[in-house]
Amino acid sequence: MRARCPGYAALAACALAAGPALGAEPAPARVRAGGFAHLDWVVGRESSRDEIDPATGEPLNENRFVLTRARARIEAERGAFGGRLELDANTLRGPALRPFEANLWWRWPRGRPFSTPDTGLRGDVAAPEAGGEPPAMVMATLGLFRVPFGFDTSEPATARPWLERSTASRALFAGARDLGVGVDAAWRFLRAAIALQNGEPLDAPGFGGRDPTRSKDLVGRVGVDVEVAPGVRARGGVSWLAGRGLSAGSPATKDTLNWVDGNENGLVETSELSVLPGAPARPSRGFGRSALGADLRLRVEVPSLGALVLRAEIVRAENLDRGLEPADPVAAGRDLREIGWQIGASQEVGPNVQIALRYDAYDPDADARRQAGVSIVPTDPLYATWALAVAARFEPVRLVWQYDHQRNPLGRAASGAPTTLRDDAVTLRGEVRF
């Protein structure tokens, strides 16, 4: 029997009355398990070489079969509390097994789903039931979980029309998961998520998964999820991040004697000797970093075809790159401004086929300059990619063919001069879910 409460004054009593009676048998725990695997065949990539990188010892061949990700997930909940553990295995840099998510959560009201398979966002609640918008929901999470910034960072890999996230998302939020504490909330058409996290996402080089400073990153997103017309749904939001990074210091060095055999006679001559002076130790220094972004998605149900999804996202950041060209303003002597954006569209063609096209661009240093002779000239370090994907879906299997027309600003001409090169790639992916 459900307790009836006459007014707000009896709120505490109602909370107790709504719960299990004293001494009653606790509700049984609900356990769910699942996972998926992505197996890729990189048919061809222009930058691939049958060589070994002398600096890292890593092979430069990209034309290969690779286990991009294989994840196993288990979730358990009892009443308002629950937990989630998800492990990831891959062969991107050799066989690896690591945690992808590991968290505890509390949810109110209990028993209501706070995410849907097509979004994976705890802030995007389940579709409203007949008769109106869903009620207010709150969910608190502690542990390793998503970074609540934008949409591309949080979209599940099995729902994304393309093989991977945009370049900007992978550069600024490597791994897209971080340790911390967060709160998600929803009320009618409003959505909000905020988190206090280490600031070193899971795949960030150097300090990934750890925190070298006592300060934490404050990151969040506020947005809306509203049906603007029959068969047309809009989701959009604004995201922000504020935190601090750390520039590693260096130990003290001694004076060293250097000999250059200028005349190549094998004899040490006084004119060929020089002294390289030592340097004092340089302590580590912190620096500020921030980001502001906006995202918008529009889903339209097209008769006889299926869902048409249009999307756009833009982010402007400062000293935030942690995946592609890690930002270190202390070493650079200036702040590094990053700008990234993407636009895309995907169209279902019946229940089994989907076609998607996306353009994304990322500039890791909007103020970049380089020496050209005696002059200092601006450079264009823009990473840009056109991605065309065609998918065939036969649950629980999805097959994806994708062509990437990529722009590599780090190329070198035959003379050794910096230049921009093409880095096109064709990839086939097999996905299976269980």
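The values are calculated or read from the model by the stated rules, or taken from the named source; none is laboratory data. Remember, predicted model here, so these are calculated numbers, not experimental data. Methodologically, a virtual Cβ is constructed for each residue, glycine included, from the backbone with ideal geometry; neighbour enumeration extends over all protein chains shown. Heads up: the accessible areas ignore ligands, DNA and RNA and are worked out on the full protein's heavy atoms, side chains in. Shrake-Rupley method; radii C 1.70, N 1.55, O 1.52, S 1.80 Å.
Estimated at 0.36 nm per residue, the fully extended path between V275 and A345 surpasses their Cα-Cα distance by 19.1 nm. The label point for W106 and the one for R30, both projected 7 Å from the Cα toward the Cβ, are 2.0 nm apart. The 1.4 Å probe gives accessible areas that order L267, L67, L388, largest first, as L267, L388, L67. A straight chain from V226 to F287 at 0.36 nm per residue would run longer than the Cα-Cα distance by 18.1 nm. Between L190 and N352, the FRET efficiency estimated from the beta carbon spacing at R0 = 41 angstrom works out to 0.70.
Note on surface exposure: V400, V222 rank V222, V400 by accessible area, highest first, 1.4 Å probe. Applying a DSSP loop filter and a limit of 11 other Cβ atoms within 10 Å to the GluC sites (Glu not before Pro) in segment 269-336 leaves E269. Largest accessible area first, the listed residues D424, D335, D367, D255 line up as D255, D335, D367, D424 when surface is computed with a 1.4 Å probe on the assembled protein chains. Centre-to-centre separation between the Cα atoms of segment 300-341 and those of segment 65-93: 25 Å. Database remark: amide H of D152 closer than 5 angstrom to no amide H (H placed geometrically; neighbours at sequence offset of 5 or more, or on other chains; Pro and chain starts carry no H). For W341, the accessible surface of its heavy atoms amounts to roughly 100 Å² (probe 1.4 Å, protein chains only, rounded to the nearest 10).
Given their separation in residues at 0.36 nm each and the Cα-Cα distance between them, S304 and L97 gain 70.2 nm when the chain is fully extended. Loop-located chymotrypsin sites (Phe, Trp or Tyr not before Pro) in segment 137-218 (DSSP state not H, G, I, E or B) with no more than 16 neighbouring Cβ atoms inside 10 Å: F189. Heavy-atom accessible area for H405, with the other protein chains in place and a 1.4 Å probe, reaches approximately 70 Å².
On segment 198-352, 61 percent of the accessible area sits on carbon and sulfur atoms, based on a 1.4 Å probe.
The simple Förster model, with R0 at 51 Å and r as the Cβ-Cβ distance, assigns V260 and A157 a FRET efficiency of 0.45. Out of segment 243-299, which trypsin sites (Lys or Arg not before Pro) are coil in DSSP terms and have no more than 12 other C-beta atoms within 10 Å? For trypsin sites (Lys or Arg not before Pro) across segment 243-299 that sit outside H, G, I, E and B with at most 12 neighbouring Cβ atoms in 10 Å, the list reads K254. Per-residue SASA remark: T167, around 20 Å² accessible (1.4 Å probe; ligands, DNA and RNA not included). Taking every pair of alpha-carbon atoms in segment 271-355, give the share separated by more than 18 Å as a whole percent. Counting pairs separated by more than 18 Å, the tail of P(r) holds 66 percent. With contacts taken as Cα pairs under 8 Å at a separation of at least 6 residues, segment 174-298 carries a relative contact order of 22 percent.
Converting phi to 3J(HN,Hα) with the Karplus coefficients 6.51, -1.76 and 1.60 and the offset θ = phi - 60°, segment 240-246 yields 8, 8, 9, x, 9, x, 9 Hz in sequence order, with x at every glycine or proline.
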